[in-house]
Amino acid sequence: MNNSESLKYLGLLILLGPLLGAILAGALGPRVLRGATHWVSILGVATAFVGAILVFGAVRGFAPGVTGAIAPVYDWLPTGGSSYFRFEFLFDPLTAIMLLTVTGVSLLVVIYSRDYMREHDHPEQGYERFFAFLALFVASMCLLVLGGNFVMLYAGWELVGLCSYLLIGFYYSKPSAAAAAKKAFLVNRIGDFGFGLAILLIYLFFGTVDYSKVFEMARHGVIANGAPFTPELATTISLLLLCGACGKSAQIPLYVWLPDAMEGPTPVSALIHAATMVTAGIYMIARCGVIFVASPTAMTVVAIIGAATALFAATIALVQTDVKRILAYSTISQLGFMVLGLGVYAADSAIFHLFTHAFFKALLFLGAGSVMHAMSGVIDVRHFSGLRKVLPVTYATFLIGALALAGFPMLSGFFSKDVILHHALHVRPFLGFLGIVTAAFTAFYTFRMVFLTFHGPLKLPEGVHAHESGKWMLVPLVVLSVGAIGAGYLGVEALGSPLTRFISPVFESTFGAAAKHMELGEAAEHAGFWGEYGLMIASGAIAIAGILSAYVVYVRQPWIPGLVRASAMGLHRTLWNKYYVDEAYNDAIVEPLRQTGSVCVALDDYLIDGLLWFVTAIPRALGFLLRTMQTGLLHTYAVTMVAGVALIVLWITW
């Protein structure tokens with residue numbers, strides 16, 4: 001069996017494992033498996049994780065100079081002559097890292113869900129449906145990552161959107177959950193419309209949707225007919241692709257769906273925020289780097305959107321009181337960091353941050369779920385405190401995740417965030433400065449959440465008897481905390497940067513070549529000790545300062561927040577209401593569309609239906625007159641016949 005053939009079967013294993021788990025959970029769960037439905041989903045996702053490990057080993061074993069391999073599965077849909085759209089897999093270091101991240105974190109989330117979706121060891125209503133959707137979500141994300149062309153990318157793209165809709169609205173009888181699912185679906189449709197247009201333009205100008213062919217032509221600066229691949233065309237396609245990324249990866253202006261997605265079960269939040277859905281936009285921009293770097297304008301827009309989103313979301317998180325909502329805005333902010341990294345030609349650093357973020361953000365969300373489980377569904381920090389005394393394991397693991405998110409020195413978030421800031425300060429200093437401010441805010445709001453939740457006197461909601469979670473929930477927390485500590489060392493230069501060294505060949509001819517062309521790496525090579533490590537030291541100091549500030553304000557001097565809120569009431573109200581963006585969208589877009597819909601309904605009810613009534617009035621009137629003559633009496637019909645004959649005779653004689 002050749003290498004392409006073995007890779008094909010590994011790809012099918014990764015794809016079909018969770019897909020089969022979803023089918024079995026949906027088909028057999030309600031009547032056969034019931035409370036054991038979680039096993040088919042766990043086994044399906046575990047199969048995909050094993051396949052991802054094997055793919056990683058296969059990609060590492062590629063011959064020198066070989067960065068990727070295409071594994072065709074079958075030809076489908078003729079596109080002209082003997083050419084077919086091909087269902088195929090692409091295997092390279094980027095695919096391998098993404099698959100490991102998606103399947104590894106997803107497996108822990110699915111295991112955690114076994115206990116979370118139970119009450120007193122009895123499955124919740126919809127338990128089987130939940131695990132079917134969860135496994136389908138993982139399969140959809142694997143399809144997105146494995147696809148070797150834009151059509152497969154788009155298919156996975158839309159499937160993860162569908163799965164997010166189904167899972168966010170899992171508690172569909174709850175109006176807020178149904179509204180959040182609808183909002184996520186509709187907002188993503190806006191971004192996906194631009195994304196679909198970009199793929200149509202790619203097919204129109206390049207004559208194919210295959211990654212290898214499109215990227216090869218773009219790399220040589222030509223399109224299918226031999227004409228040049230102009231910066232204007234590159235900008236148009238790149239910005240349309242960016243529309244899709246802004247929707248899926250929750251960037252300004254399409255980020256508004258993600259905070260509301262907290263209405264879904266907490267494992268869904270962890271899955272969306274850490275391993276699936278929101279990472280799709282980052283992956284897509286990284287994969288399409290050759291198109292983006294052909295347009296300096298597009299790269300500038302990407303960097304600006306990333307930095308603006310990171311700072312914007314971080315400021316909102318400063319005043320929120322719902323733990324899951326704080327983490328949601330944190331995710332938006334961290335995704336902004338990744339987009340900023342892509343915009344400053346540091347794609348390997350962006351993927352590195354995606355990798356580390358998956359561990360500590362999944363850890364934090366699952367930790368929040370453990371708190372929510374113990375608090376009987378309450379997750380507002382105003383209603384409890386001092387939980388470290390009753391949830392010691394949850395507190396310890398949550399603290400590790402918080403330290404990693406805050407960028408505390410020597411934890412994973414510290415290393416991955418630092419390399420993005422390093423590139424941003426060198427390429428776009430102002431945006432790098434915004435990144436540093438965002439990092440300070442991140443440390444502060446993260447530990448504001450920690451201190452309000454776990455420190456202070458023990459306070460519980462009325463009627464709640466707090467208890468630590470079971471092993472099914474705690475084991476994934478412990479495993480993720482190990483990743484939150486150690487994942488960052490895979491990108492440390494002193495240790496050889498194994499992760500970034502592994503994925504950098506994918507970007508050598510795209511982001512790397514553009515950076516060299518612009519001479520962006522020259523200064524870094526001769527920066528000396530302070531140029532190389534000064535930012536790292538400053539970044540660690542900023543994180544520690546943010547943590548200490550939160551400690552002083554919320555533990556040592558808890559009267560300060562009330563004073564600040566009273567003295568800056570307008571600013572606090574603005575942040576509490578998320579800059580009134582939802583209200584502005586509602587007034588500027590939703591209500592006008594709703595009113596337009598009402599006008600259309602009125603036109604249909606009165607004008608269109610009225611015209612139809614008028615057109616049919618004459619036949620109905622004639623029918624009414626003729627119907628009065630159909631009495632069923634024989635003598636009436638005889639008189640009518642005689643009268644008719646008489647009229648005919650008179651007409652003829654006349």
Note on the stretch 269-315: residues β-branched (V, I, T), surrounded by 24 or more Cβ atoms within 10 Å (Cβ to Cβ) and more than 16 Å from F337 (Cα to Cα) are I272, T276, I291, V293
Could you tell me whether V581 is β-branched (V, I, T) and over 33 Å from the mean Cα position of the chain (by Cα)? no
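Conditions tested, residue by residue: (1) part of a helix (DSSP H, G or I); (2) outside the structural domain of I547 (by TED's automatic domain parsing).
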site	(1), (2)
A286	yes, yes
A308	yes, no
T315	yes, no
V319	no, no
F365	yes, no
Search the stretch 10-51 for residues being among the hydroxyl-bearing types (S, T, Y) and within 24 Å of the chain's Cα centre (by Cα), and hand back the single one that is farthest from T103 (Cα to Cα). S41
Could you say whether any residue in the stretch 418-428 is crowded, with 24+ Cβ neighbours inside 10 Å and farther than 24 Å from I282 by Cβ? no
From the list V601, V564, which residue is assigned by TED's automatic domain parsing to the domain that holds V319 and more than 18 Å from L403 (Cβ to Cβ)? V564
Quick test of your reading of the structure: G226 fulfils all but one of (1) buried (at least 17 other Cβ atoms within 10 Å of the Cβ); (2) more than 28 Å from I304 (Cα to Cα). Name the failing condition by number. (1)
Being under 21 Å from I351 (Cα atoms) and either surrounded by fewer than 22 Cβ atoms within 10 Å (Cβ to Cβ) or of a type outside the set (S, T, Y) (or both), is that true of even one residue in the stretch 437-452? yes
Can you say whether R573 is in a helix (DSSP H, G or I), surrounded by 11 or more Cβ atoms within 10 Å (Cβ to Cβ) and modelled with pLDDT of 90 or more, as far as the supplied structure shows? yes
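Each row is one residue, and each column tells you yes or no for (1) within 29 Å of V209 (Cβ to Cβ); (2) modelled with pLDDT under 90; (3) acidic (D, E); (4) touching a Lys or Arg at 6+ places or on another chain (Cβ under 7 Å).
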residue	(1), (2), (3), (4)
A36	no, yes, no, no
I42	no, no, no, no
A48	yes, no, no, no
V55	yes, no, no, no
F62	yes, yes, no, no
G65	yes, yes, no, no
G68	yes, yes, no, no
P72	yes, yes, no, yes
P78	yes, yes, no, no
Considering only the stretch 598-605, I want to know if a residue exists there that is outside any helix (DSSP H, G or I) and modelled with pLDDT of 90 or more. no
Quick one: Y154 ticks every box in (1) surrounded by fewer than 23 Cβ atoms within 10 Å (Cβ to Cβ); (2) touching a residue at least 60 places away in the same chain (Cβ under 8 Å); (3) of a type outside the set (G, A, S); (4) within 30 Å of V50 (Cβ to Cβ) except a single one, so which number is it? (2)
Working carefully through the options L458, L490, find the one that is under 30 Å from R388 (Cβ atoms) and touching a residue at least 24 places away in the same chain (Cβ under 8 Å). L458
Inside the stretch 166-265, counting only helices (runs of 4 or more DSSP H) that do not spill past its ends, which hold 1 or more residues that are within 18 Å of V290 (Cα to Cα), among the small types (G, A, S) and in contact (Cβ under 8 Å) with a residue 60 or more places away in the chain? 211-219, 231-248
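A quick yes/no check of all residues on (1) more than 27 Å from the chain's Cα centre (by Cα); (2) within 16 Å of A550 (Cβ to Cβ):
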| position | (1), (2) |
| --- | --- |
| R388 | yes, yes |
| P392 | yes, no |
| L403 | no, yes |
| G432 | no, no |
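Can you tell which of V492, V482 is at pLDDT 85 or above and either surrounded by 13 or more Cβ atoms within 10 Å (Cβ to Cβ) or of a type in the set (K, R) (or both)?
Only one candidate qualifies: V482.
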Filter the stretch 374-432 for residues that are in contact with a strand residue (DSSP E or B) (Cβ under 6 Å, 6 or more places away or on another chain) and among the hydroxyl-bearing types (S, T, Y) and give the result. S385
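The values are calculated or read from the model by the stated rules, or taken from the named source; none is laboratory data. Quick caveat: nothing in here was measured; it's all calculated off a predicted structure. As a convention, Cβ positions derive from the backbone with ideal geometry for all residues, glycine included, and neighbour counts pool all protein chains shown.
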